[in-house]
Amino acid sequence: MKVSKLKSLLIRIFKKKGLTHKDALISTKALINAEMVGAYGHGLSRLKMYCDRISKKVINPKPKIKIKKISSSISHIDADDSIGFVAAEIAIKKAIDNAKKTGIALVAVKNSGHYGLSGYYAEQAVKKNMIAIIYTNAPPAVAPQGALKSLFGTNPICFGCPTNSKIPFILDTSISMINRGKIRVAARNNQKIPEGVALDKYGKPTVDPIKALEGVQLPIAGYRGSGLAWMVDILSGVLTGGNHAGKVKDPFDDFSGPQNIGHLFIVFKTNLFVNNFNERISDNIRIIKNLPKIKGIKNIFYPGENKFYRHKKNDKKNIIIKDNIMNDLKKLSENFQ
Ligand SMILES: NC(=O)c1ccc[n+]([C@@H]2O[C@H](COP(=O)([O-])OP(=O)(O)OC[C@H]3O[C@@H](n4cnc5c(N)ncnc54)[C@H](O)[C@@H]3O)[C@@H](O)[C@H]2O)c1
């Protein structure tokens, strides 16, 4: 489907669900961006889920979002159970504004929902020549080190930085060894999952996706990843007033109430300590890229380069929509005039 056609269709679907035109556009752009960078698990595959949550009144389509000024740098946003895209869009814009005035901004969000890709918001700050650090928590998927129960979300950690080139440095990584979606796909296709990514319900390592789904996913880098996931839960959940300690509801399965996800946005200028950041970052990247390479490796990429090139490649193409998602789109657009 052409991007322009998909864009107007999604806007109409979100508006039909009660979102304002502005919020429908924000949500549409975020979903299409996820498709363009190949993050399909955060793109159209989630559209029905957002719409179901609005229908079941656990996402508020017309939120009254409140921004509380704590200081010129610090703001606290109560997103009133809005769709996560809208809360995050307001938050990053507020963070950029605060940082422009004071050099550094800290913006916390509570009562939000799943907002997709952290890197999408970091890019906005980087375009303004600022550095962004962004955290969000998410529903239980990963077991804390030593636990036989999932509690942490895949809690992404995101760091965005200008590079003195048009390709931003965006490190945007979840803390789980593997996406839950990939385990679900392996289970459907009778495939094994890689070793070392999950335990069965008895705590034994497994490559059987069905046993993994009954058991727990493992964090990246063992106890270190578990610690990072915990840090994200503290910064985006405990600190902000959002849900934490495993209380964020699964958006697909649990309609018993809003998710109350928390996010934290830290944005600051690049010239706080040196007046030649651009020169220094160029040197830094050049030195690393010029290192001798392992056999078979032509380039050393910095984080974000892969998504930038994927977006560029997909820019001129139509978006390929799988049959099941096309069915969702058809159902959600029934009765359009
Ligand atoms: N909102 C949520 O609840 C939630 C939860 C989990 C993940 N996410 C999002 O999902 C997305 C995907 O996460 P992921 O962990 O699967 O990412 P990933 O494993 O695809 O990439 C992680 C990071 O590694 C970089 N990278 C990849 N290949 C590289 C290479 N060869 N050299 C150097 N760097 C390389 C990427 O640019 C990225 O910054 C992220 O955007 C994240 O924000 C969102």
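The values are calculated or read from the model by the stated rules, or taken from the named source; none is laboratory data. Note that this is a predicted model, so its numbers are computed, not measured. Glycine also receives a Cβ, built like all others from the backbone with ideal geometry; neighbour counts cover every protein chain displayed.
Touching a helix residue (DSSP H, G or I) at 6+ places or on another chain (Cβ under 9 Å) and either within 15 Å of the ligand (Cβ to nearest atom) or among the acidic types (Asp, Glu) (or both): does that describe ASN243?
Spelling it out, ASN243 is indeed touching a helix residue (DSSP H, G or I) at 6+ places or on another chain (Cβ under 9 Å) and either within 15 Å of the ligand (Cβ to nearest atom) or among the acidic types (Asp, Glu) (or both).
Examine the range 180-194 for a residue that is in contact with a Leu (Cβ under 8 Å, 6 or more places away or on another chain) and either without any contact (Cβ under 8 Å) to a residue 12 or more places away in the chain or not in a helix (DSSP H, G or I) (or both), and state whether such a residue exists.
Within the range 180-194 (the criterion being in contact with a Leu (Cβ under 8 Å, 6 or more places away or on another chain) and either without any contact (Cβ under 8 Å) to a residue 12 or more places away in the chain or not in a helix (DSSP H, G or I) (or both)), the answer is no, since none of the residues qualifies.
For the range 121-146, give me each residue that is part of a helix (DSSP H, G or I) and in contact with an Asp or Glu (Cβ under 8 Å, 6 or more places away or on another chain).
The answer is TYR121, ALA122.
So which residues in the range 244-277 are part of a loop (DSSP other than H, G, I, E, B), surrounded by 15 or more Cβ atoms within 10 Å (Cβ to Cβ) and either outside the structural domain of ASN155 (by TED's automatic domain parsing) or over 23 Å from the mean Cα position of the chain (by Cα) (or both), if there are any at all?
Selection gives THR270 alone.
If you take the residues in the range 147-179 that are hydrophobic (A, V, I, L, M, F, W, C) and in a loop (DSSP other than H, G, I, E, B), which one is surrounded by the most Cβ atoms within 10 Å (Cβ to Cβ)?
Among those that are hydrophobic (A, V, I, L, M, F, W, C) and in a loop (DSSP other than H, G, I, E, B), it is ILE175.
Among what's in the range 303-332 and is of a type in the set (Val, Ile, Thr) and surrounded by 12 or more Cβ atoms within 10 Å (Cβ to Cβ), pick the residue that is farthest from the ligand (Cβ to nearest atom).
Applying the filter and picking the extreme gives ILE321.
Scan the range 278-306 and report the pairs whose first residue is without any contact (Cβ under 8 Å) to a residue 40 or more places away in the chain and whose second residue is in a helix (DSSP H, G or I) and within 13 Å of the ligand (Cβ to nearest atom), with Cβ atoms within less than 6 Å and a gap of 6+ or a chain change.
Pairs that qualify, where the first residue is without any contact (Cβ under 8 Å) to a residue 40 or more places away in the chain and the partner is in a helix (DSSP H, G or I) and within 13 Å of the ligand (Cβ to nearest atom), are ILE300/LYS289.
Scanning the range 183-210 for residues that are surrounded by fewer than 17 Cβ atoms within 10 Å (Cβ to Cβ) and within 16 Å of the ligand (Cβ to nearest atom), which turns out farthest from HIS42 (Cα to Cα)?
By that ranking, first place goes to GLY196.
Is the range 283-298 home to any residue that is more than 16 Å from the ligand (Cβ to nearest atom) and surrounded by 12 or more Cβ atoms within 10 Å (Cβ to Cβ)?
Checked the range 283-298: at least one residue is more than 16 Å from the ligand (Cβ to nearest atom) and surrounded by 12 or more Cβ atoms within 10 Å (Cβ to Cβ).
Quick one: is ALA141 among the aliphatic types (A, V, I, L, M), crowded, with 22+ Cβ neighbours inside 10 Å and within 15 Å of the ligand (Cβ to nearest atom)?
When the stated conditions are applied, ALA141 passes them.
Consider only pairs whose beta carbons are under 8 Å apart and that are at least six residues apart or on different chains; among these, list those whose first residue lies in the range 30-41 and is of a type in the set (Ser, Thr, Tyr) and whose second residue is modelled with pLDDT of 90 or more.
Short answer, once both residue conditions are applied: TYR40/ALA34.
Quick one: in the range 211-240, which of the residues that are surrounded by 21 or more Cβ atoms within 10 Å (Cβ to Cβ) and in a loop (DSSP other than H, G, I, E, B) is farthest from the ligand (Cβ to nearest atom)?
Going through the qualifying residues, I end up with GLY215.
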